[in-house]
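A.B. asks: Below: one structure in structure tokens.
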Amino acid sequence: MQRFLQLNLEISHNRFRNLTHYTTYMDIRSALLQEHSKKQCAIIVKYIGNNQKRFDELVTLFLQDEYRVVQRAAWPLSYCVTAHPKLIQKHLKKIIRYLKKTGIHNAVKRNTVRLLQEIEIPETLQGEVMDICFGYIADPKEAVAVKAFSITVLGNLSKKYPEIIPEISLILEEQLPRETAAFKSRAKKFLKSIGNDRET
């Protein structure tokens with residue numbers, strides 16, 4: 001038993017030592033291409049932490065690199081912003097405009113709209129964000145996760161702009177009968193919050 005515990009301690013120490021060495025310097029682009037997994041995403045997020053310069057490098061890859069790098073950068077980008085919302089402020093306008101590009105991967109849309117749930121969107125960009133999210137929830141071909149996150153973003157903005165609530169409600173109620181359980185759950189939560197809940 002003692003030998004077993006000692007072995008576990010040695011393994012844990014080696015893992016920590018290797019991780020510490022790895023996060024001293026990282027080529028973020030190479031790390032993104034090396035492996036696409038939750039574990040690798042966590043390593044990249046930990047490396048970036050609240051370091052603005054490292055985050056800026058990730059954003060540059062997200063906005064300017066080849067398709068596969070952009071797709072993979074989206075995941076750690078959203079988690080970095082969730083942990084440290086201030087990192088995104090200087091890039092927010094560019095990232096929102098990026099959502100207007102045609103043919104962008106679902107992973108890019110999903111993770112970008114996910115991070116928009118977690119931050120305070122500047123007033124100058126709120127109109128654009130509402131237009132984008134309305135487009136997503138109204139599109140029957142849009143991915144469920146993108147639509148679900150868009151509902152939350154619009155719900156957050158509706159606290160400041162209550163006049164958009166009827167339009168959101170109309171779109172959601174029209175789509176509820178033919179949507180997935182995940183969409184229905186998010187939609188019903190919003191409808192309940194405005195006192196317009198119903199069974200579907």
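A.B. asks: Mind ordering 118-125, 89-96 by average Cβ neighbours within 10 Å, highest first? Please list the in-between numbers first.
C.D. replies: On the way: 118-125: 13.1, 89-96: 15.8.
So the order, starting with the most tightly packed, is 89-96, 118-125.
A.B. asks: Mind jotting down the distance between the C-alpha centroids of region 142-200 and region 67-136, whole Å?
C.D. replies: 19
A.B. asks: With Rg and Dmax of the Cα atoms in Å as the read-out, I listed [x] 16.8, 52; [y] 16.1, 47; [z] 20.1, 67; which label goes with the value calculated from this structure?
C.D. replies: Comparing each candidate, only [z] matches the computed number.
A.B. asks: Also, quick follow-up: Could you tell me the relative contact order of the chain? Use alpha-carbon pairs under 8 Å, at least six residues apart, and round to a whole percent.
C.D. replies: Values: 167 pairs, mean separation 26.1, N = 200.
It comes to 13 percent, rounded to a whole number.
A.B. asks: Going by average Cβ neighbours within 10 Å, how do the peptides 158-169, 63-74 rank, with the highest at the top? Provide the component values of the computation, followed by the final result.
C.D. replies: Values: 158-169: 14.2, 63-74: 17.2.
My ranking of the peptides, most packed first, is 63-74, 158-169.
A.B. asks: Could you work out the Rg to Rh ratio of region 121-200, with Rh taken as the Kirkwood radius (inverse of the mean 1/r over all Cα pairs)? Show your work: numbers first, answer last.
C.D. replies: On the way: Rg = 11.8 Å, Rh = 12.5 Å.
My calculation puts Rg/Rh at 0.94.
A.B. asks: I would also like to ask the following. Check the straight Cα-Cα distances from LYS101 and name the aspartates and glutamates below 20 Å, setting aside those fewer than 8 residues away within the same chain.
C.D. replies: Candidates past the 8-residue exclusion: ASP65, GLU66, GLU128, ASP131, ASP139, GLU142.
Read-outs throughout are calculated quantities, based only on the coordinates presented, and are distinct from any laboratory measurement. None of these values were measured; they are calculated from a predicted model. Cβ atoms come from the backbone with ideal geometry, glycine included; neighbour counts cover every protein chain shown.
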